[in-house]
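Asker: Take a look at this one; I'll ask things after.
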Amino acid sequence: MERVITSKSCKEVGVLGPEEIKLDRNRMKFILKKRFRHLSGRKRLGLVWIVLDPIVISLVYLFVFTVLRASTSVQTVFIGITLFRLTQNSLKTGMNSIQDFTGGLKAERVRTRVLTGSMIRYRIIDNLLQSLGVALILYIGYEVSLFGTVSFLIIAQIIGFLSEGVGMNLAPLSKKIPDLINVVNYILMILFFAAPALYPLSSTQGIHYKLNELHPFTYFVESARYLMGEQSEILNLDNRIFGFFLVVLVLLIIRGYSLIDKLRWRMTTWS
Amino acid sequence: MVLDKSSLSVEESDIDSAVKKSIAIEISNFSVNYHIFRRSRKKPLGEFENFHALKNLEININDGEIVALLGRNGAGKSTMLRCIAGLLRPAEGKIITRGRVILLAGADPGFIPQLTGRQNVTELALAYGISKNELDTFIESIENFADIGEAFDRNFSGYSSGMRGKIGFGFITALKPDILLMDETLGVGDREFRKKAAKRLEEFIERSGTVIISTHSLGLAKDICSRGIVLDQGEIVIDTNAEDAISHYIGMTEGS
């Protein structure tokens, strides 16, 4: 196959044959396995830790609430913490997405479609692993309906992708200014406590309610709580703000994925 | 006699495309700049400074040619190979490559430390396009070449750098590229292994269509290359037959 390399792109001429499509599929599998192996490392429980993480964190907060004698329900905390951890992790993954554009194969260039394909697959599996444990606990232990459980898993997928999209848009900036990752960590911490992750929106009033209304996360977590039959304010929130956030976030993820090829090429000479 | 112009133009274009097909690598007006990020008091958020690594290269390499790329450290040899492999973006110009390009730089095709040598070779083989039918023979050839015994089934993270190098070199040299780019690779293993590696490399080069070798080993360049290109400060100093290129390079380095 002929490859044309210019300052704008590195493109192959012609249509991919069945052999090449098969090769790309194998490469996607390889990259995916490599990423998950990197995550699990030499840990005995491996990927189970991804499932356990939101459960453990939720239990810690529930313990704190019993000390404070706060009346937040177990379901509220589980849903909020899981979705926020997912937001946090996906955003960071998006920001780190440009660290390695070789896909781990060092002797040959891999096509951008392989990288994009493996990133999408990784996100789907990661979102599922991060939300599955809590979904099962809520379904089995707290009698959440099957519809509610499936809705939770779908919202987890949506929030994971949208957060990764935001991260991918911040990625080039974080490459130029590495300190940005620290700033983002602090912002995420503020957003965690200023979002209805640990408490339902209905328990807030005045300025706190107003601030939460301006937080995109609120709309997703409150939707999840509503669909799971929990206390939720989603029906009282302004649909136009939700629509606005949704459009912006969808545009960001489209921009993020469509920029991979350009960005990957541009960054090869950055040092 | 009346000439049929339309048939003539068809023949000319056929010849043109035949000539183009016999050129494996076309490099025209090619320059590469590295962008180095710097911060200063005036620009606390930093800015990119350009470093010119390659300037206005014009080279055509024919199918089947074995070319030695010579030059001092920092002359731009590795940059040029990485560009041809599609791993570096040019500032201007164009490279056209025809066929599968493999870059042999170091001896790590992308190993995963958590896996054994055998598992690594199996997974990487599929990712590098080895079919399931060829897989067993492929793994066996690497196992025999690396000759590390039962360690082949041990975890890769416990390997010495020599063992990793043997498997890595064995792996890459078992692939079948149309264009092979080699960047100084015989630095791994003991004396016995290097002998074995040199032989395998020879076979690999014979099997590959077009080869560019960036090397400081003038003996290797003289023995196997038909053409030599000398680079200095990112520019081509001379592009001729291998012997003349080597002489020129010797003269250049002795002069300095």
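Asker: On the accessible surface of region A:11-129, probed at 1.4 Å, how many percent belong to carbon and sulfur atoms?
Answerer: After summing per-atom areas, the C and S share lands at 62 percent.
Asker: Could I ask something else about it? Assuming R0 = 25 Å, can you tell me the calculated FRET efficiency for the pair B:E203 and B:E134, based on Cβ-Cβ distance, to the nearest 0.05?
Answerer: So the FRET efficiency works out to roughly 0.90.
Asker: Short version: which residues of region A:88-107 lose at least 20 Å² of accessible area, all chains versus chain alone, 1.4 Å probe?
Answerer: Flagged in region A:88-107: A:L105, A:K106, A:A107.
Asker: At each listed q (0.14 Å⁻¹), what is the log10 of I(q)/I(0) that the Debye formula gives for chain A modelled as equal alpha-carbon point scatterers?
Answerer: -1.03
Asker: Taking the DSSP beta bridges in the protein assembly as shown as the whole, what percent of them are antiparallel, to the nearest 5?
Answerer: Here the antiparallel bridges make up roughly 60 percent for the protein assembly as shown.
Asker: How do the peptides A:220-228, A:74-82 rank, highest first, by the average count of neighbouring beta carbon atoms within 10 Å per residue?
Answerer: Descending mean neighbour count gives A:74-82, A:220-228.
Asker: At q = 0.12 Å⁻¹, what base-10 log of I(q)/I(0) does the Debye formula yield for region B:112-174 when every alpha carbon is treated as an equal point scatterer in vacuo?
Answerer: The Debye formula, applied to the Cα set alone, gives -0.24.
Asker: Now, a different point. If you count, for every residue in A:25-32, the Cβ atoms of partner chains within 10 Å of its Cβ, what is the mean?
Answerer: Mean shielding count: 3.
Asker: Sorted by average packing, counted as other Cβ atoms within 10 angstrom per residue and highest first, what order do A:163-176, A:201-214 take?
Answerer: Going by the mean number of other Cβ atoms within 10 Å, highest first, we get A:163-176, A:201-214.
Asker: Determine the shielding of peptide B:92-99 by partner chains: average, over its residues, the number of Cβ atoms on other chains within 10 angstrom of each Cβ.
Answerer: 4
Asker: Ignore the peptide's own chain and count Cβ atoms of other chains within 10 Å of each Cβ in A:168-177; give me the average, rounded.
Answerer: So the per-residue partner count for this stretch is 1.
Asker: What does the convex hull of the Cα atoms of the protein assembly as shown come to per residue, in Å³, rounded to a whole number?
Answerer: 236
Asker: What do you get for the angle between helix B:191-207 and the principal long axis of chain B? Use alpha-carbon atoms, 0 to 90 degrees, nearest ten.
Answerer: With both axes taken from Cα atoms, the answer is about 40 degrees.
Asker: Right, next: When chain B is modelled as a GNM with alpha-carbon springs shorter than 10 Å, which of B:K77, B:K42, B:K132 fluctuates the most?
Answerer: B:K42
Asker: Go ahead and run the numbers for FRET between A:V4 and A:R42, Cβ-Cβ distance against an R0 of 41 Å, rounding to 0.05.
Answerer: 0.45
Asker: Once you wrap a convex hull around the alpha carbon atoms of region A:1-128, what is its projected area averaged over all directions, in nm²?
Answerer: Orientation-averaged projected area of the Cα hull: 11.0 nm².
Asker: Continuing with this model, one more query. If I fit a long axis through the Cα atoms of helix B:5-22 and take the longest principal axis of the Cα atoms of chain B, what angle between them do I get, 0 to 90°, rounded to 10?
Answerer: Computed tilt is about 30 degrees.
Asker: Give the cross-link partners of A:K176 among the aspartates and glutamates, using a straight C-alpha distance below 14 Å as the criterion and excluding same-chain residues fewer than 8 apart.
Answerer: Partners within reach: B:E47, B:E49.
Asker: In region B:111-256, what percent of the accessible surface is made up of carbon and sulfur (1.4 Å probe, ligands and nucleic acids excluded)?
Answerer: 46
Asker: Measure nothing but the geometry: give the 0 to 90° angle between the long axis through the Cα atoms of B:117-127 and the longest principal axis through the Cα atoms of chain B, rounded to 10°.
Answerer: The angle comes out at about 30 degrees.
Asker: Taking the Cα atoms of chain B alone, what are Rg (to one decimal) and Dmax (as a whole number) in Å?
Answerer: 21.6, 80
Asker: In Å and whole numbers, how far do the C-alpha atoms of region B:63-206 stretch along each principal axis, longest first?
Answerer: 49, 34, 29
Asker: In whole Å, what are the Cα extents of region B:156-256 along the three principal axes, biggest one first?
Answerer: So the three principal-axis extents are 46, 30, 24 Å.
Asker: If I require 15 Å or longer along the helix axis, counting alpha carbons, and a Kyte-Doolittle average no lower than 0.0, what helices from chain A are left? Use full DSSP H segments.
Answerer: Helices passing the filter in chain A: A:48-68, A:74-96, A:112-141, A:146-176, A:180-193, A:216-227, A:239-266.
The values are calculated or read from the model by the stated rules, or taken from the named source; none is laboratory data. Just so it is clear, the model here is predicted, and its values are computed rather than measured. Quick reminder, even Gly has a Cβ in these numbers, built from the backbone with ideal geometry, and neighbours come from all protein chains shown. What goes into the accessible areas is simple: the full protein's heavy atoms, side chains included, and nothing from ligands, DNA or RNA. Shrake-Rupley method; radii C 1.70, N 1.55, O 1.52, S 1.80 Å.
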